[in-house]
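I have placed the structure first, in the form of structure tokens, so that the comments after it can refer back to it.
The values are calculated or read from the model by the stated rules, or taken from the named source; none is laboratory data. On a predicted model such as this, the values are computed, not experimentally measured, just so you know. Heads up, the Cβs are rebuilt from the backbone with ideal geometry, glycines too, and the neighbour counts pull from every protein chain shown.
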Amino acid sequence: MINNSMLKMSLFSSLAGLALLYAGAVQMRPGLTPISKIDNDFVGLKTQIRGQIIDLSTHSKGHVFLKVKDESNGVISVPIFSRTKSKLNENIELLDNIQVTGKVKDYQGNLELLPEKPEKIKIFHSQPSKISEINRESIGKKVKIQGNLTKKRSTSGGSLVLELENNHTSLKVFVPQSIAKSSTFPRIEEKNKIRIAGTIQLYKNELELIVHNPCNIRIIKDS
């Protein structure tokens, strides 16, 4: 009888252990998941992705909202709320690469990946493009550039027109009034070294970069 009882207890423990392992496996997708494969079946599951930040916007309360695209051409929203953002040791910039582990949520009919802890977010900074390499083939593309601010002027409508120079090559930067007047727009002055991300466009037959969000302009301090 004792042996039978011990056998039953051992069998029960084994089954319970297997059940826990199965539950853990169901709740966590192992390794990187192609974003294009993420569908409604993933809702509620912990998932890991890695891709490029193709859109970045901020909220007045400190939240950051990203759109991440990977090699599978899939795109997913990644909201990073202020309580998590405040604990990150690095800045997040447009066109950076990012690896995120979080839980897939359905928000108003759209899937998003919500990281719950800052350590589940890894940032891989991308290098700025050379201004000299920007040409008409760049029109419509998002780029990141870095250089010295040599000119700054305001238009009658309140927009800003900047000129950024690097290695004796310059590019105009257009900052719409809605961005320039934002409370989060940095106080930039001529001779500042700055990094800007935006979209290349053609204006009056001249290439320029247009900024879409104040967080895409950053003053670089010499280390």
Worksheet item: Quick check: is even one residue across the range 117-124 outside any strand (DSSP E or B), surrounded by 13 or more Cβ atoms within 10 Å (Cβ to Cβ) and in the same structural domain as Ser86 (by TED's automatic domain parsing)?
Response: yes
Quick count over the range 130-174, residues being surrounded by 15 or more Cβ atoms within 10 Å (Cβ to Cβ), outside any strand (DSSP E or B) and hydroxyl-bearing (Ser, Thr, Tyr), is 2
Scanning the range 34-63 residue by residue, those touching a residue at least 40 places away in the same chain (Cβ under 8 Å), assigned to a loop (DSSP other than H, G, I, E, B) and either more than 19 Å from Thr84 (Cα to Cα) or touching a helix residue (DSSP H, G or I) at 6+ places or on another chain (Cβ under 8 Å) (or both) turn out to be Pro34, Ile38, Asp39, Val43, Gly44, Leu45
Per the list (1) in a loop (DSSP other than H, G, I, E, B); (2) closer than 24 Å to Phe185 by Cβ, residue check on Lys87 breaks on (2)
Restricting the range 206-218 to residues that are farther than 17 Å from Gln177 by Cβ and modelled with pLDDT of 95 or more, the one nearest to the chain's Cα centre (by Cα) turns out to be Leu207
Given (1) in contact with a helix residue (DSSP H, G or I) (Cβ under 8 Å, 6 or more places away or on another chain); (2) of a type outside the set (A, V, I, L, M, F, W, C); (3) over 30 Å from Glu190 (Cβ atoms); (4) exposed (fewer than 15 other Cβ atoms within 10 Å of the Cβ), Gly74 misses just (4)
Note: among Ile220, Ile179, just one is out of contact with any Ser or Thr (no Cβ under 6 Å at 6 or more places or on another chain), in contact (Cβ under 8 Å) with a residue 40 or more places away in the chain and not small (Gly, Ala, Ser), namely Ile220
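Can you find a residue that is touching a Phe, Trp or Tyr at 6+ places or on another chain (Cβ under 9 Å) and of a type in the set (Asp, Glu) anywhere in the range 196-206?
No, the range 196-206 has no match at all.
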Of the listed residues (Thr155, Thr169, Thr150), the one being more than 30 Å from Ile80 (Cα to Cα) and either of a type in the set (Gly, Ala, Ser) or in contact with an Asp or Glu (Cβ under 7 Å, 6 or more places away or on another chain) (or both) is Thr150
| message | Take Ser178 and tell me if it is hydroxyl-bearing (Ser, Thr, Tyr) and assigned to a strand (DSSP E or B). | response | no
Those residues of the range 45-76 which are over 14 Å from Ile121 (Cα atoms) and of a type in the set (Gly, Ala, Ser) amount to Ser57, Ser60, Gly62, Ser72, Gly74
